[in-house]
Each structure stands twice: as C-alpha cells, then as structure tokens.
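Structure provided below as structure tokens; questions to follow.
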2 protein chains.
Amino acid sequence: MKASKESNNPVDPRVAVIDKRLKNVKRVIAISSGKGGVGKSLFASVLAMHLNRKGFLVGLFDADFTSPSTHRILGVKNFEIREEKGILPVPFYGLKYMSIVAFSKEKALPLRGADVSNALIELFSAILWGNLDYLIVDMPPGIGDVTLDIIRLVKKIEFLIVTTPSVLAFETVEKLLALLKELKVPVIGVVENMKIKESSFIKKKVAELGTSFLGDVPFDSEVENALGDVEALLRTVFAQKLAEFVPRIISRDS
Amino acid sequence: MKASKESNNPVDPRVAVIDKRLKNVKRVIAISSGKGGVGKSLFASVLAMHLNRKGFLVGLFDADFTSPSTHRILGVKNFEIREEKGILPVPFYGLKYMSIVAFSKEKALPLRGADVSNALIELFSAILWGNLDYLIVDMPPGIGDVTLDIIRLVKKIEFLIVTTPSVLAFETVEKLLALLKELKVPVIGVVENMKIKESSFIKKKVAELGTSFLGDVPFDSEVENALGDVEALLRTVFAQKLAEFVPRIISRDS
C-alpha cells in the first residue's frame, strides 16, 4: 500500500474545514515517536510551556486518544467546555489546551482505528484555536491511523520526533522518518530522551538519515514527582535541558 | 460504544478457523500493556525462553505489527517461511516463532487499524502452531484494534500486563483492566517493570483493582547490550528476576 498525502477521496471536505480552523495558526508541530514510552507527551507539554513563557501564543492538543497523558503531566483539571460556533480550547497557564479527556471523563476508549480517526477529525474540526504562533500536537506513537490522518488533514504539519537511546526505539523511528520523507512532511529533527549512558549512536544514525539531531536529554527521575505541577515540572533538569532546544525549533520560522 | 466479546457478525467464520489452529495449544497468554515502552516485548520474549527451557512446548507470536521488536530482542534472523496447508512457524532456540517481519522485510507498515486487524487475522488464521503448552503473544500496547480482535478471536486468551512505576503508565493499565474485566477475559496479573525507586504504589493500586500483582523487576541497563543474543539476554538481572514469576504463571494450569 503506497502511502499518499491525499485521501482516498481527492477532495475531502474536512480538509477544508480544518484548514479554516488553522488559518491563524502559524506553525503546527506534531510531537511524534516510533514506539511509546519515550517521553513524547512530556516533551510536548513542556515544549508548549516553554514557548508560552517566551511570549508566544501556544495551543496544545493531545491527540493520543487511547492513552492521553498531557492533562496528567501538566495538571489540567478544569475541563469546562464552552461552545460558540465551535469548541473553545480550555485556557491553562496561558496555553489553549484540548484533549479527548475533556469529553471522555477518563473512561476507557477501546476504539478501533477507524473510530479513533473519525473522533479525532470531528474534534479537530470543531476546535476554535484562534490566533496562535504554535499549535503543539501530542501524537500517539507510531504510524497508525491518527498519524496518517493528521498528515493528510493538516497541510502545514511539521514533525518533531522523540526517541530513547534504545536500538529498539530507534528502529521504528527509522521507519517513521522514511514514511515522512516519502510523504514530503518537514521534520524539524530528532530528540534523544532518557539518556543514561554516554553514546553517539543515535546522533550518528540520525545524521546518516539526513535529519537534524536536536540534542539529547538525560533520564530525570524527578519528573515523576513533578507530574501535575507545572512550576515543579519546569524546574526539572528535563525541562531545563529541553529549553535549550527551543531556539532551534523557533529558528525554523520563515 | 459498549465493548462486547462478540463481533458485529454473531458468527464470524474466522473465529472457527483460529479455534481449529489453536486446538492443541493449551494456553494462550497475551503480554499486554497500557502504554508502550514498558518492556512488554522483552518480557514476552524472555518469558517464552524461560518456559521453553523448563521443557514446555512454546510458541511466540509477535502481534505488534507496527512496532515489532521480538525478532530484534532475541536475534531471530532466519525467516524462511515454509508453507504446508498453512504457515509453519520459524523454529528458534526451541521456540516456534512468528512475526510480521517474516513478510514485511522490515519496511514501514503505515497501516490503518482496520488493515492491521485484517492482516493479523489473516496471519493468525494461517499459522500451524501444532502442539504447544504455551503460545505467548506480544501485543501492541493499549486498547486498539489488535487487542480487541485477539480477545474476540481467541476464546482461551489470558492477559498478563506489564507496567512501569510511572503513574502515567498505570493510568492506561487501569483502563485496560477495566475493559478486560468487562469482557470477562482472565488476567494472570500485573508486572511492574523498570523499577528504580522503592515504592509500593503500583502493588497497592493493583490490589485495589482486585488483580494479582506478580512482582517487580528492576531497571536493568545491561539489557540493551544483550539484545539479539539469547544467552546474554538470559544472563541479565532482568531475565533472572523474570524467572521468579514463571511458577506463578504456570500454576494457573488447570
């Protein structure tokens, strides 16, 4: 099955709706990974906060429908949904925030891929992001329905990939990068998270693939204690190290 | 959407085919997790080897189609597929082994959930497992299409869940356990992997949910070096600790 950026219907009306919703969003950055458990949601959450603190208008959309974590990471509690010709994202510490948990009330969502995809598109089509400099999207791991749909529906999407030092994690990253290359999706770069030992394995592999290596972040056991507390989270070594990547991400602004 | 163990078609002919294929397989154990990156594939691989070394007839099926790892973990290289009224699993160190990589040649599989599901069912329907005491199935993480299909198609399925100490990992485990309870799927228990700090948080939460806590396994940085080498893998602290769980898993035999 050859992947293509176009949907099976050459003209998918939902593409137009989402285009309109994102009209005043300058950049949409999908934080993705090959496998799960590499710190992707944490990265997305903290990146959004860093950009926010630098004075940018930032949205954070948790698109990991079956395993949403960002609300827990940041400590988002008030999910009062207000609708006004669309769904207004929840204001949180200066971010505009949205996640499926606003609707699912933390119940299990044993959704089949096609259903997740539809639910995502429905939600994404309804959110009024307004004016944003950055919309950070926390993706589910891997190359499944949501990844394929976001690529199809959001023309201005860019990807930033999080991996760990493990060769197992990086293998799926290679496949993801190959797919993104084939679909001509811009990749900001790869971040190596949870680093424990000195090694340039990932850095070299990323260079071989012609992708930008943004840097590495050490494993930080204090993150677990900081979950749910934005200020504590931003004081962790993880967050401080991540702050070093922000200029490299911003510098892509045309 | 209320989950149900029956498919939408009350009589799915593929259930009968798979039933027949598994006729002489005593126990089918799905190694599952809420989120990815918790060491599920590693656990499945090493568990299969331990059971094998205890003299049982063991099969290992890597059902994590978009992110297969077990072949890398164990170092399975020869994927010569032999067909004889079905697909014969690949013999490996005494195991009967099968993975999508035998067919996909390590290319990216950007499959939509429905396609993964169909591919899984096709493959599962074709494999001739023969006589086995244990068929260990390495599941994709979470509660998506493959999980729902395995439950639907394999009547004798039991689940063993791997988590890490992180509250983020365990949240999705709670949802998975709730779903399995609703679908009346037997759960052997929960293993807490990659433990770094002393804590009984997961043990207590598992007890609260009325599920068996099988034990914890420390984070073992030597595993990465042992990947692809069965003997080295079985010498790791991880593997030695895992061996302690085997009697508890075996003891479920009726």
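The values are calculated or read from the model by the stated rules, or taken from the named source; none is laboratory data. What you see is a predicted model, and the numbers here were worked out from it, not measured in a lab. Methodologically, a virtual Cβ is constructed for each residue, glycine included, from the backbone with ideal geometry; neighbour enumeration extends over all protein chains shown. For accessibility, only protein heavy atoms count, side chains too; no ligands or nucleic acids. Shrake-Rupley method; radii C 1.70, N 1.55, O 1.52, S 1.80 Å.
Please give the number of the condition B:Leu120 fails out of (1) closer than 24 Å to A:Ser67 by Cα; (2) part of a helix (DSSP H, G or I); (3) in contact with a Gly (Cβ under 9 Å, 6 or more places away or on another chain).
Checking B:Leu120 against (1) closer than 24 Å to A:Ser67 by Cα; (2) part of a helix (DSSP H, G or I); (3) in contact with a Gly (Cβ under 9 Å, 6 or more places away or on another chain), the one that fails is (3).
If you take the residues in the stretch A:12-34 that are more than 10 Å from the chain's Cα centre (by Cα) and open to solvent by less than 40 Å² (accessible area, probe 1.4 Å), which one is nearest to the other protein chains (Cβ to nearest Cβ)?
Residue satisfying both the conditions and the ranking: A:Gly34.
For A:Asp133, are the conditions met, namely being surrounded by fewer than 23 Cβ atoms within 10 Å (Cβ to Cβ), modelled with pLDDT of 95 or more and among the charged types (D, E, K, R)? Reasoning before the result, please.
Details: surrounded by fewer than 23 Cβ atoms within 10 Å (Cβ to Cβ): yes; modelled with pLDDT of 95 or more: yes; among the charged types (D, E, K, R): yes.
Judged against the criteria, A:Asp133 is a match.
OK, next. Do the conditions hold for A:Gly142, that is, is it at the interface with chain B (Cβ under 10 Å from one of its Cβ atoms), in contact with a helix residue (DSSP H, G or I) (Cβ under 6 Å, 6 or more places away or on another chain) and open to solvent by less than 10 Å² (accessible area, probe 1.4 Å)?
no
Among the residues of the stretch A:164-203, what is the count of those that are within 25 Å of A:Arg27 (Cα to Cα), of a type outside the set (Gly, Ala, Ser), within 12 Å of another protein chain (Cβ to nearest Cβ) and open to solvent by 30 Å² or more (accessible area, probe 1.4 Å)?
3
Continuing with the same structure: What number goes with the only condition from (1) over 23 Å from A:Ile249 (Cα atoms); (2) within 15 Å of the chain's Cα centre (by Cα); (3) modelled with pLDDT of 85 or more; (4) more than 10 Å from chain B (Cβ to nearest Cβ) that A:Val76 does not pass?
Against the list (1) over 23 Å from A:Ile249 (Cα atoms); (2) within 15 Å of the chain's Cα centre (by Cα); (3) modelled with pLDDT of 85 or more; (4) more than 10 Å from chain B (Cβ to nearest Cβ), A:Val76 comes up short only on (2).
Report yes if some residue within the stretch B:146-159 is more than 23 Å from B:Asp115 (Cα to Cα), assigned to a loop (DSSP other than H, G, I, E, B) and either touching a strand residue (DSSP E or B) at 6+ places or on another chain (Cβ under 7 Å) or within 7 Å of another protein chain (Cβ to nearest Cβ) (or both); otherwise report no.
Of all residues in the stretch B:146-159, those more than 23 Å from B:Asp115 (Cα to Cα) come to B:156, B:158-159.
Remaining after also requiring assigned to a loop (DSSP other than H, G, I, E, B): B:156.
Now narrow it down to the ones that are either touching a strand residue (DSSP E or B) at 6+ places or on another chain (Cβ under 7 Å) or within 7 Å of another protein chain (Cβ to nearest Cβ) (or both): B:156.
Checked the stretch B:146-159: at least one residue is more than 23 Å from B:Asp115 (Cα to Cα), assigned to a loop (DSSP other than H, G, I, E, B) and either touching a strand residue (DSSP E or B) at 6+ places or on another chain (Cβ under 7 Å) or within 7 Å of another protein chain (Cβ to nearest Cβ) (or both).
Here is a further query. Can you confirm whether the stretch A:110-121 contains a residue that is without any contact (Cβ under 8 Å) to a residue 40 or more places away in the chain, out of contact with any Lys or Arg (no Cβ under 7 Å at 6 or more places or on another chain), more than 18 Å from A:Lys96 (Cβ to Cβ) and among the hydroxyl-bearing types (Ser, Thr, Tyr)?
For the stretch A:110-121, residues without any contact (Cβ under 8 Å) to a residue 40 or more places away in the chain, out of contact with any Lys or Arg (no Cβ under 7 Å at 6 or more places or on another chain), more than 18 Å from A:Lys96 (Cβ to Cβ) and among the hydroxyl-bearing types (Ser, Thr, Tyr): present.
To continue, here is another question. For the stretch A:36-94, give me each residue that is out of contact with any Leu (no Cβ under 6 Å at 6 or more places or on another chain), assigned to a strand (DSSP E or B) and surrounded by fewer than 24 Cβ atoms within 10 Å (Cβ to Cβ).
Listed by number, the residues that qualify are A:Glu83, A:Ile87, A:Val90, A:Pro91, A:Phe92.
So, one more: So which residues in the stretch A:237-254 are β-branched (Val, Ile, Thr) and either open to solvent by 10 Å² or more (accessible area, probe 1.4 Å) or closer than 21 Å to A:Leu168 by Cβ (or both), if there are any at all?
Matches in the stretch A:237-254: A:Val237, A:Ile250.
Quick check: anything in the stretch A:188-199 in a helix (DSSP H, G or I) and over 22 Å from B:Ile196 (Cβ atoms)?
No, because not a single residue in the stretch A:188-199 is in a helix (DSSP H, G or I) and over 22 Å from B:Ile196 (Cβ atoms).
Continuing with this model, one more query. Going residue by residue through the stretch B:210-233, is there one that turns out to be open to solvent by less than 10 Å² (accessible area, probe 1.4 Å), closer than 23 Å to A:Thr70 by Cα, within 13 Å of another protein chain (Cβ to nearest Cβ) and not aromatic (Phe, Trp, Tyr)?
no
Exactly one of these conditions fails for B:Gly113: (1) open to solvent by 20 Å² or more (accessible area, probe 1.4 Å); (2) within 11 Å of chain A (Cβ to nearest Cβ); (3) touching a Gly at 6+ places or on another chain (Cβ under 7 Å). Give me its number.
Failed condition: (1).
Would you confirm, using the coordinates I've provided, whether B:Glu174 is closer than 28 Å to A:Gly39 by Cβ, of a type outside the set (Phe, Trp, Tyr) and not in a loop (DSSP other than H, G, I, E, B)?
yes
Here is a further query. Just to be sure, is B:Leu135 more than 14 Å from chain A (Cβ to nearest Cβ) and under 14 Å from the mean Cα position of the chain (by Cα)?
When the stated conditions are applied, B:Leu135 passes them.
Go through (1) more than 25 Å from A:Ala243 (Cβ to Cβ); (2) touching a strand residue (DSSP E or B) at 6+ places or on another chain (Cβ under 9 Å) for A:Val206 and report which single condition fails.
The one condition A:Val206 does not meet is (1).
Follow-up. Are there any pairs with C-beta distances below 8 angstrom linking a residue in the stretch B:206-219 that is under 16 Å from B:Phe43 (Cβ atoms) to a residue that is of a type in the set (A, V, I, L, M) and open to solvent by 50 Å² or more (accessible area, probe 1.4 Å), with the two at least 6 apart or on different chains, and if so which?
B:Phe213/B:Ala207; B:Val217/B:Met194; B:Pro218/B:Met194; B:Pro218/B:Ile196; B:Pro218/B:Val237; B:Phe219/B:Met194; B:Phe219/B:Ile196
Test A:Leu153 against the criterion of being hydrophobic (A, V, I, L, M, F, W, C) and more than 24 Å from A:Phe245 (Cα to Cα), and give yes or no. It would help to see each step written out before you state the result.
Working: hydrophobic (A, V, I, L, M, F, W, C): yes; more than 24 Å from A:Phe245 (Cα to Cα): yes.
In short, yes.
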